[in-house]
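Derivation of every value follows stated rules applied to the coordinates shown; laboratory data play no part. Treat the numbers as computed from the prediction; the structure is a model and nothing was measured. Virtual Cβ from ideal backbone geometry, glycine too; neighbours counted across all protein chains shown.
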Amino acid sequence: MRRQINQISLLLNILCIIYPILRIYYPNQIIEIIATITIPFTLLLNYFIVYLYNFKRLKAYKYPRIFLKTSIIGLLMIIAGNFLKGASYSSQIKQTWHIWTIIYIGYYSIFISAIYNNIKTLGYNKYFIKINNSKKNIIKNLISLIYILMIIAITIITYTKIYVSTIEMIIPELSITFAIITIPLGLLIYSTNPKSEINKKISVIFIIIFSILLTIPLIANLTNINKIDLKFSNTFGNQQNSKFRKVHFSFTDYLLGIKIPEIEIKKDITYYKDTKGYENNIELKFDAYIPKNKNKENPVIIRIHGGSWVGGNKGFYNMLQINKYFASQGYTVFDIQYGLTNTSIFSKNSEKIKNRTGNFTIDDMIKHIGYFTKYLEQNKQKYNADTSKVIISGGSSGGQLATAIALSYENEKYKNWYDQNIKIKGIIPLYPAYTIASKIGIEGEKELISPEKLINKNNIPILIYQGTKDTFVPEEIIKQFEKKYSENNKIMTIYFPYSGHANDIYFEGYYNQIFLYYMERFIQYSISK
């Protein structure tokens, strides 16, 4: 039986080695679905073999340990590579080859080391290694204890509303990776003292409890998809396009990244400069992401970064992978700056960004973005932009600004702030910080700080991302806005279980993949109206 299971594992590991090559040269949806099932199953089978055959029956530790350590390092390399890819403007492999190398070395090291362990297990003879109870084991046990405490902390963060800033933004969307890492980590702890029954029990309990707990967020979101699908189709209809993502979540995309075709990017273009000192000499810039179809006017997406109105920026700080993705789908995407305030209670701890910071109110920030609309209308031909079909989107404070702009665009009180030739067709706020600005010391018109006061019966469609564990933007604020908006207008909020604030920053993460699936369909619905 040991031989047969190892042979199956060996075959599956070889298939996992071949898959990335097929993915590059022969992309196929059926192969993608098979790989999404095969890769995690193969990983789990490899860990099962290590536990049941290598450790329990053969008492063999050397090569299984190599595989276990390599799989942990490999998974961390994959995460690091995908984050680095998200910081790069380029989508060309020749310019990002070093980043892709990190991802693929991480991936291949896992399955190559697994194959090596398969071969050693199949040819088992003198590969028995005794465990010495030495000082080294004490050190290993201490290291294991540190790892256990880290996994416990990660689990607590995933399930509770503990405000831990950047950690909250990263941990929940990577919980499935930590769930997988829990297994080899637990097995390594097991192997430090396999003769101890207490050590064995602790290791097994650790693996079972924490791998399950850290898998639940992914399962909860995937099991919620049918409900979201039904609500989305009832609200916005069934949208079809050959370029759309075919599945809500792909495990292969999660590991190996979402491939984005080449686009044109124009960076650091100034759209407004205060030369008279009226607005603290600010200079505001934007980046443009343009599809390769030179002779066609493209629908427009305006993206507004978050940062609590005191920080943040275009580019890396505003999910530039999203910008590249939608440009590759045929949209001209503008990632823009606006003036940041120094009046907030957060201002003391934020970096003062030269030529962008001043005692600005929410009104001022919206006026700055209004300057961009006037620039865009005058220069739309440079960017192949169809300004009659515009979507506006932003995260956190950017989501609040995007909503306030869209709802005030044709309001008599504010319409002169914007170019009225630009037609906003839809709003996509992600975890929008409605009502919060005034609570942290930022002034402005109440109806702009709390855009629900601008709602009327003729508002445009809106799709909102909101996490149920968001510590900065409580979901009650979003539910209140949604309730009022839905009285006369089309709105849908996707509530993501266990998601904290900004849990879409890992572009390949399951929160972002799922929202991306609906986002592109919502955009098509909105611009077709």
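A few comments on the model shown:
- Between A402, N318, S438, the Cα set farthest toward the positive side of the dipole of the chain (charges on each charged residue's Cβ, about the Cα centre) is that of N318.
- Tensor-based shape of the range 199-298 (alpha-carbon gyration tensor, a/c under 1.5 rounded, otherwise prolate or oblate): prolate
- Cβ-based charge dipole, the range 468-529, positive-most Cα from Q513, I523, P497: I523
- Modelled this way, with points 7 Å down the Cα-to-C-beta line, the labels at E410 and S242 are 3.5 nm from one another.
- On the basis of the beta-carbon distance and an R0 of 41 Å, N293 and I205 show a calculated FRET efficiency of 0.10.
- Model label points for K483 and I18, set 7 angstrom from Cα along the Cα-to-Cβ axis, are 5.7 nm apart.
- Between I34 and E264, the modelled labels are 4.0 nm apart [label points 7 Å from Cα along Cα→Cβ].
- Residue (of P64, I30, N421) at the positive-pole extreme of the chain, dipole from beta-carbon charges: P64
- Proximal lysines relative to K59, as straight alpha-carbon distance under 30 Å, when same-chain residues fewer than 8 apart are discounted: K69, K120, K126, K130, K135, K136, K140, K195, K200, K201
- The C-alpha atoms of the chain define a longest principal axis, and helix 510-527 lies at about 30 degrees to it.
- Amide H contacts of K259 (H built 1.01 Å from N, in plane; Pro and chain starts excluded): no residue 5 or more places away or on another chain comes under 5 Å.
- Computed from the C-beta positions of N379 and S438 and an R0 of 30 Å, the FRET efficiency is 0.30 to the nearest 0.05.
- Matching label, semi-axes √(5λ) of the Cα gyration tensor in Å computed from the structure shown, candidates (i) 45, 28, 20; (ii) 49, 32, 22; (iii) 47, 25, 21: (iii)
- Straight Cα distances below 15 angstrom link K367 to the aspartates and glutamates D274, E279, E283, E410, E412, D419, E443, E445, E447, with same-chain residues fewer than 8 positions distant left out.
- Rounded if a/c under 1.5, otherwise prolate or oblate - the range 414-529, Cα gyration tensor axes: oblate
- Taken about its Cα centre, the chain carries a charge dipole of roughly 2180 debye when the Cβ of each Lys and Arg holds +1 and the Cβ of each Asp and Glu holds -1.
- For the chain, the longest principal axis of the Cα atoms and the long axis of helix 362-379 meet at an angle of about 80 degrees.
- What the Cβ-Cβ distance of W97 and I353 gives, at R0 = 35 Å and to the nearest 0.05, is a FRET efficiency of 0.65.
- For the range 304-419: rounded, prolate or oblate by the Cα gyration tensor [a/c cutoff 1.5]: oblate
- Separation of the alpha carbons by more than 29 angstrom is noted, of K259/K484; K246/K484; K266/K425; K413/K484, for K259/K484; K246/K484.
- Comparing Cα centroids, the range 462-529 and the range 359-418 end up 20 angstrom apart.
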